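What follows is a set of notes on a single structure, which appears directly below.
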Amino acid sequence: MLSDPLAVRPWLFKNHPKQLALLDKFEVELKLGRLSGVSSEPGAKGESLKSIDRRTVAFRTVEILKTMIGSTRWQTPAHLVALLRGLGRELHSAGGFREPAIGNVVRRIIAAVREEAVMEAITEFTSDLEDLHKNINDQATDHIHAGEIVLTYGRSKTVESFLKAAADKRLKFTVVVCESAPKYEGSEMAKSLADCGIDTCVIPDSAIFCIMARVNKVLLPAHAVLANGGLIAPSGSNMVVLSASQNSVPVICLTGMFKLTPIFPHEGQDTLNDMLCPSSVVSMHDKKLTLNNVDLVNPIYDYVRPELINLYVTNVGSFQPSYIYRLLAEYYHNDDWSSFE
Amino acid sequence: MSEAPPAAAPAPAGKAGKKEKKNQAKKKPPSNLVIPPKKPKLTKAERRALQEQQRAAKAGEKAGGAKKGGGEQQQQGGQQEKKGQQQQDLSSSADASKSKQNQKPDSSETSKSGKEEESHEENRTLDIFAHLSNYHELPNPHAPEWTSTLHPAVIELGMQYASGSIRGGQARCRSMLEVFLQVFDDYEPPEDTTSDYRSHLDHMVLKPSFTFWTTKCRQHCVSMGNAFTFCKLAVASLDRDSTWEKAKDILKDTLDRYMHERMDIANQAITEHAMKKIANGDVILTFGNSHAIRVLLTTAKKEGLDFYVWIADSRPLFEGKDMLAALEEAGISCGYIQLNALTYVLKQINKVFLGASALMSNGAVFGRVGTACVAMLANDSHIPVLVCCETYKISNKVQLESITHNELGNPDALAELPEGPASSCLSNWRESKTLKLLNLMYDVTPPDFVSGIITEVGIIPSTSVAVLLREMNPQDAAY
C-alpha cells in the first residue's frame, strides 16, 4: 500500500492509469509554462501574456487533486496524505517551482485531510478563488480616495480590477503606470485602464524616483507572499518600493490568499526566482554590439523586504507584513511547511 | 540659466549688502584669487545712484586686464564673470527700453506659437508637469526668420540638438563653443566705427544664437549656460579700441582655453582621481552613457586594471548601448541590464560610478533620468556611489526634487516599443482622452545617496559642492 510519496507514480501506474494520464497532461502544460506566462513555445508568448490569470493554475490544481482524492483507492488518511505529498512533488518538479500557488493548494488540502474535512475545504477553496477579486475590490474605497495619484508597476489582473472597481465608485483619481521593461506590460495595463475612463499616465521605469515625490500610494501585485512577510513581485518592484519608502509613500500589495507561501527568503533575490530569455533586454540584431563577451540578465521577480511594505490587502482582509506568520499557521499545518522538492 | 534676468537685478540689493558682511567674516581666500574691492552697505536708492554713476563712467572705461597670463586665466574667470554680470545688469537696465523694442516682435511671436503648441498638446501630460514646456517638434531650418539672422552653423547645430544626434552635457557644450569659434571667423563688425563691436557681437550674434537653441531646439543644460556666460564675458572684456582681427584671436584663444582647461584637462584629472578608487577585481556599476565615465573606464583598462562593469540602461534612449559598444571595443568584460534587473545583480557590485549633467549647489546631482534610481538602490545596499563631474557643470541654483525643473522629452518615444509582444498597444494614444505619456529627461539624485563627487580639483563629499562653487567664484557666493 502507498506510504512513500516517491512511490506515487508507480502506484498510479499500477492501479489508476486513467488518473495518471490526467496528471501527465497537466504536467506537460506546466512544463511548457503555459499556465505561468513564461511559455517557451514559439508564438505562444504574446497570447499567454495577455490572458494570464494566476488563479487558473490554482483552479487546475484543485481540479486534479479532487479527481485523485475522489477516484483513487486510498484507504487511510495517512495514505491520502502520502498520495497528496507525492502529487505535490510531481507537480513541483514539473514546473510548480515557477508557480508557488500549486504547492500552496496542495498544502492547504493536506491540512484539510488532517482535520478530516477534505471535500468541504475543496469547495470552500474553489469559491474563495471565484470571489477573490470581488472580496479584494470591496476594500477599494478603504484605500483609494478622490484626487489621489496612485502608482502601479507592470500588469496585474488583481490591481487592474481593483482600480477599475475604485473608478466605478465614482472616484476620480490618477494612475501612474510604470511600463516595466523589458516586457512593457505596463503599457497594456495603462491602455486597459484608460479605456475604462481612468486618468492614466505611462512613465518609463527610470522616472520612478522622480515621480514618487508626487505619488500618494503604490499598489503592487504579488507573485508570492513569504513567511516573513516579504514579497516576491515582478522584477523592478524593489526599485519602486524603495523609492516609495524614501518618499514615505505607503505601499500596498494586493494579493489572494492562495499566494501565501510558507517559505523564507534564504536565497535572497534568488528566492522563487527564474530567468527569462535575454533577447528582450537587448536585440541580438543590434549592429553596433558584438555581444561576444557580455552578460545579459533578465530575472522575472524581485524579493522585497517586509519592512518596505505597509499592507497586504487580501480576499480575507488587510494585514500588515508582521501578521503574515499568523495567517500561515491558520492555513497550513506545521508539518507541511517543507518544500515539495 | 546663464542670462541673469534683468528683473532680478534690483531686488537683491539688500542681500548683496549682507553677503559683503559675511564675506568679511569668512576665512581669506587664497592669494591668487582676485577679489573685487568691498563695497559699503548701501540702500536701494543709493545703489541705484551708484549704478547710474558707474554706467556713465563705464563708457570710457576699458575692459582691459582681463586677458593676462594663461595661468591666471582660470582664477580670473570668476572675476570676469562677476564683472560681466554687473555689466550685463547695467546694460540691461540701461538698454531696457531699447532691448524691449528689439525683442518685442520676436517674443510676441514666440509666445504665440508657444500657445498654439500648448493648445495642441493640451493635457498630454499630468497636471503636476504643466509648468514644464511641452516637447516640440524640430524647428524648420529653412524658415527665413532664422536663415536671415543666424549663421548656418548655428542652425545646423540647433537641428542636431533638437534631433538628439548631439547629446550629453559635455558634447553639447563643446559643440556650442566650436560653432561660436566658426561664427567668429565669419563675423564682420559693423562698418560704423563709433559703435561698439562688443555689444554688436553680443546682441546680434551670441544672444540670438543661444536663444534659437534654447527656445526652438532644446532647453540648454547647465554646462551650456555656464559656457555661454563665459563667452559673453570674454566678449565684454575685449579691448574696445582694438581691431576685430586682433580681438578675434584673443577671443578664440580664450574659448579654446576654456575647452582645453575646463573639459579636457578636467577629464584627465577626474580620470586620475577616480582611477585610484578602482582596484583589480572590482565589479563596477554605471548607468547610461556618461562621457567622463567612458573615458575613466577605458583609460583604467589601458592602464592595466582588471575589473568588470555592469551597465544599467533604460528606456527610451538606451544610451547604455553606446557605452556597452565603447567598453566592448576597449576589451572590458561587461554585463548589460535594464533597470528592473538592478536589484538582482546588486549583490555582486562593489562600486558605482555615475555621470552628471549638472551639480546643484546643495549637493544634488542633476543627471539623466534613472541616475537617482541607481544611486538609491546602491545606497540602500551600502555600496559607495561616486559621481564624476567637471566643475564647469556646477550650477549656482539648488534643487530638492526632480519635478520643479526638468525637461520633457518626446512622449511618442514611449509609445513605440523596441519589438516584442506589446508592440503597438500605445501607438494611437493621442486618441484617448485619459491616456498620457510622460517622458522626463532628467532626475535629481539627493545628496544623501552620493558618497563622493569626483571633480578635477579632487574628491569631495556632496555637502562641499557649495564650498567649491564659492571657492571658484568667491564673489558670486550667496553667503
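Count of the stretch A:142-179 residues, restricted to those that are surrounded by fewer than 22 Cβ atoms within 10 Å (Cβ to Cβ) and in a strand (DSSP E or B), is 2. So which residues in the stretch B:165-199 are more than 16 Å from the chain's Cα centre (by Cα) and closer than 24 Å to residue B:413 by Cβ? B:165 - this is the single residue of the stretch B:165-199 that is more than 16 Å from the chain's Cα centre (by Cα) and closer than 24 Å to residue B:413 by Cβ.
Per this entry, residue B:445 is counted among residues that are of a type outside the set (Lys, Arg) and surrounded by 21 or more Cβ atoms within 10 Å (Cβ to Cβ).
One residue stands out among those in the stretch A:305-320 that are open to solvent by less than 40 Å² (accessible area, probe 1.4 Å) and assigned to a loop (DSSP other than H, G, I, E, B): the one that is farthest from the other protein chains (Cβ to nearest Cβ), which is A:315. Can you confirm whether residue A:120 is of a type in the set (D, E, K, R), at pLDDT below 90, on the phi < 0 side of the Ramachandran plot and crowded, with 21+ Cβ neighbours inside 10 Å? Judged against the criteria, residue A:120 is not a match.
If you go through the stretch A:74-120 and keep only what is among the small types (Gly, Ala, Ser) and assigned to a helix (DSSP H, G or I), you end up with A:78, A:82, A:86, A:88, A:93, A:94, A:96, A:101, A:103, A:111, A:112. State which residue is nearest to residue A:193 (Cα to Cα) when the search covers only the stretch B:410-424 and only residues that are surrounded by fewer than 21 Cβ atoms within 10 Å (Cβ to Cβ) and modelled with pLDDT of 80 or more. Across the stretch B:410-424, the extreme among qualifying residues is B:415.
Can residue A:302 be described as of a type outside the set (Gly, Ala, Ser), within 14 Å of another protein chain (Cβ to nearest Cβ), assigned to a strand (DSSP E or B) and farther than 27 Å from residue B:446 by Cα?
In short, no.
For the stretch B:84-192, give me every one of the helices (runs of 4 or more DSSP H) that falls completely inside it and has 2 or more residues that are modelled with pLDDT under 50. Break it down stepwise before answering.
On the way: elements: B:96-120, B:144-147, B:152-163, B:169-186.
Passing ranges, in order: B:96-120.
Being surrounded by 17 or more Cβ atoms within 10 Å (Cβ to Cβ), modelled with pLDDT of 90 or more and closer than 19 Å to residue B:154 by Cα holds for only one residue in B:224, B:263, and it is B:224. Within the stretch A:250-277, the only residue that satisfies the criterion of being without any contact (Cβ under 8 Å) to a residue 60 or more places away in the chain and within 30 Å of residue A:214 (Cβ to Cβ) is A:269. Within the stretch B:322-343, the residues that satisfy the criterion of being open to solvent by 30 Å² or more (accessible area, probe 1.4 Å), closer than 18 Å to residue A:287 by Cα and either at the interface with chain A (Cβ under 9 Å from one of its Cβ atoms) or among the charged types (D, E, K, R) (or both) are B:322, B:328, B:329, B:331. Residue B:279 falls short on exactly one of the conditions (1) of a type in the set (A, V, I, L, M, F, W, C); (2) surrounded by 21 or more Cβ atoms within 10 Å (Cβ to Cβ); (3) free of Cβ contacts under 8 Å to residues at least 60 places away in the same chain, and that condition is (2). Whenever a residue of the stretch A:164-187 is free of Cβ contacts under 8 Å to residues at least 40 places away in the same chain, its partners that are assigned to a loop (DSSP other than H, G, I, E, B) and among the charged types (D, E, K, R), lying with C-beta atoms within less than 6 angstrom and at least six residues away or across chains, give the pairs A:173/A:148; A:186/A:179; A:187/A:179.
Considering each of A:302, A:270 in turn, give the residue that is under 22 Å from the mean Cα position of the chain (by Cα) and open to solvent by less than 10 Å² (accessible area, probe 1.4 Å). Spell out how you get there, then give the answer.
Details: A:270 fails: open to solvent by less than 10 Å² (accessible area, probe 1.4 Å).
Going through A:302, A:270 in turn, the sole match is A:302.
Close Cβ contacts (under 7 Å, 6 or more residues apart or on different chains) running from residues in the stretch B:180-204 that are touching a residue at least 40 places away in the same chain (Cβ under 8 Å) to residues that are among the aliphatic types (A, V, I, L, M) comprise B:180/B:255; B:181/B:255; B:184/B:251; B:187/B:201; B:187/B:205; B:198/B:235; B:198/B:236; B:198/B:238. Here the strands (runs of 3 or more DSSP E) wholly within the stretch A:180-242 that include at least 2 residues being more than 17 Å from the chain's Cα centre (by Cα), farther than 20 Å from residue A:277 by Cβ and facing chain B (nearest Cβ under 7 Å) are A:199-203.
Entry remark, the stretch B:379-409: residues being open to solvent by 50 Å² or more (accessible area, probe 1.4 Å) and charged (D, E, K, R) number 1 in total.
The values are calculated or read from the model by the stated rules, or taken from the named source; none is laboratory data. These numbers were taken from a predicted model, which means no experiment stands behind them. Note that we place each Cβ from the backbone using ideal geometry, even for glycine, and neighbour counts take in every protein chain shown. Heavy atoms of the whole protein, side chains included, go into the accessibility calculation; ligands, DNA and RNA do not. Shrake-Rupley method; radii C 1.70, N 1.55, O 1.52, S 1.80 Å.
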